[in-house]
Amino acid sequence: MKVGVLTSSRADFGIYLPLLSKLKIDPFFELEIIAFGTHLSKFHGFTITEIENEGFSKIHRISNLISNDDEQSIATSYAITTLKFADFWLNNKFDLVFCLGDRFEMSAAVQAAIPFGVGFAHLHGGETTLGSIDNIYRHQISLASQLHFTSTKVFSEKVIGIIGSDNNVFNVGALSLDGIEFYKPISKSRFYEKYKLPNQDFALITFHPETVNSSMNVLFAQEMRLALSYLSSKLYLVITMPNADTLGSFFRKEIEQLKKDYSEKVLIIENFGKENYFSAMYYSKILIGNTSSGIIEAASFGKYVVNVGERQKGRLQSNNVINSPFKRQEIIEAVDRALGFENYNGINIYHKKNSSNLIIKHVKQINEVV
């Protein structure tokens, strides 16, 4: 069975990895990676090298992004992505293509395939993020897909409502958490030495723009910087840079200014990679920001999360999440509250054992292979 996997960013590639490692060694599958988006952007760390280092036999490379991130540029990138994938789908045939999540470029790649009758398996459909236009892209992808692998039962029900059918909708849990019960981080000394971290508590921080309320992003980015400026007196700040979203450059600018102002208290990382990011989460004191990893993954590491703003509004949350608006004082107060707790020891509602095996089982059963 010839299978393609669409990956447009460091984030989705890290989520895919448990599944990719099994598809690669299963003789039933002929696996090809389709890399595009920020993977081929030097501005975002040129993460195509991470894919190459995993040793996949065939990797397609499709350059589709333009450098600016205003609304017109995002729309133009969407159009360019659609045009390039129109050629790609014409010249490349697959029995099934995996797609994941809700990125605008992922949506464009999938929409371009509709006239060609490409069969898609969508991961993480049915989720809701009211503070991001990704909410629309995610549902578009679900409508264009034939197989649906969701992260909770609630999201399975949402997909059923979107597509009007319960055929081929499977709750398999969050793929990024596959095998998390056996996870071991790299050693603390090695991790701290690698990133030249001081021997003190640190917060792991990721902020993205709110793409629904984009006109407020200048203010939100400033409030973020001011809150983090104060918090740098309490914690070392390890900050991962935002993805290629609308007006993400505003957040980059404020983060870079924060680094200039507090150079001894701030570390900026363009791209950790999954192993190092999970190690950072494991050794961190808390998470701060508005990224999905705080909602989906942090509970499995026993971490409390200060989730800021409305980007993740609508996503189901475990009891480790403390929500705050984009106001500096309320962010600070939420962090103080989180620091007052011991490690989180409750459940992670996104965790289900053997996610990748469940996906492979369903794909084989649908193709009448046991």
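Nothing in this text is a laboratory measurement; each read-out follows from the coordinates by a stated rule. Because the structure is predicted, anything quoted here is derived from the model rather than measured. Cβ atoms come from the backbone with ideal geometry, glycine included; neighbour counts cover every protein chain shown.
Key figures
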{"quantity": "In region 291-370, lysine pairs closer than 23 Å at Cα, eight or more apart or cross-chain", "calculated": "10"}
{"quantity": "Neighbour-count ranking [beta-carbon atoms within 10 angstrom, fewest first] of Phe182, Phe301", "calculated": "Phe182, Phe301"}
{"quantity": "Between region 308-370 and region 44-118, the alpha-carbon center distance in angstrom", "calculated": "26"}
{"quantity": "FRET E, pair Arg337, Leu316, Förster distance 22 Å, beta-carbon r, rounded to 0.05", "calculated": "0.55"}
{"quantity": "Computed [θ] at 222 nm, deg cm²/dmol, the chain (DSSP H ≥ 4; -39,500 (n - 2.57); rounded to nearest 500)", "calculated": "-12500 deg cm²/dmol"}
{"quantity": "For Leu204, Leu65, Leu219, Leu226, order by how many other beta-carbon atoms lie within 10 Å, fewest first", "calculated": "Leu219, Leu226, Leu65, Leu204"}
{"quantity": "Cβ-based exposure ranking for Phe13, Phe46, Phe88, in which fewest neighbours within 10 Å come first", "calculated": "Phe46, Phe88, Phe13"}
{"quantity": "Quotient of Cα Rg and 2.2 N^0.38 Å for region 24-170, N being how many residues it contains", "calculated": "1.07"}
{"quantity": "Rounded FRET efficiency, nearest 0.05, which uses the C-beta distance separating Ile160 from Asp87 and R0 of 45 Å", "calculated": "0.85"}
{"quantity": "Square roots of 5 times each gyration tensor eigenvalue, C-alpha, region 128-267, largest first, Å", "calculated": "36, 23, 10"}
{"quantity": "Cα→Cβ-extended label distance, 7 Å offset, between Gln257 and Lys234, nm", "calculated": "2.3"}
{"quantity": "Rounded tilt (10° steps) of 248-261 against the dominant C-alpha axis of the chain", "calculated": "30"}
{"quantity": "Approximate shape of region 197-320 as ellipsoid semi-axes (Cα gyration tensor, √5λ), whole Å, largest first", "calculated": "20, 19, 13"}
{"quantity": "Whole-number Å³ per residue for the convex hull built on Cα positions in region 271-341", "calculated": "86"}
{"quantity": "Cα pair distances of the chain binned at 10 Å [whole percent]", "calculated": "5, 24, 35, 25, 9, 1, 0"}
{"quantity": "Helix 274-283 vs. the chain, principal-axis angle (Cα, 0 to 90°, nearest 10)", "calculated": "30"}
{"quantity": "Label-to-label distance, nm, for residues given as Lys188 and Thr76 (7 Å Cα→Cβ offset)", "calculated": "4.9"}
{"quantity": "Amide H contacts under 5 Å for Phe272, placed H, 5+ residues apart", "calculated": "none"}
{"quantity": "Within region 73-106, backbone nitrogen closer than 15 Å to the virtual label 7 Å beyond the Cα of Ile114 toward Cβ", "calculated": "79, 82-83, 86, 106"}
{"quantity": "Helix 10-25 axis, angle to the chain major axis (alpha carbon atoms, nearest 10°)", "calculated": "40"}
{"quantity": "Förster-model FRET efficiency, 25 Å R0, Asp201 and Ile347, C-beta, rounded to 0.05", "calculated": "0.50"}
{"quantity": "HN-Hα J in Hz across region 49-55 - Karplus 6.51, -1.76, 1.60, θ = phi - 60°, x for Gly and Pro", "calculated": "5, 5, 5, 4, 5, 7, x"}
{"quantity": "Two-site label geometry, Leu130 and Phe28: point separation in nm, points 7 Å out along Cα→Cβ", "calculated": "4.1"}
{"quantity": "Mean Cβ neighbour count within 10 Å, used as a protection proxy, ranking 314-320, 258-264, 117-123 highest first", "calculated": "117-123, 314-320, 258-264"}
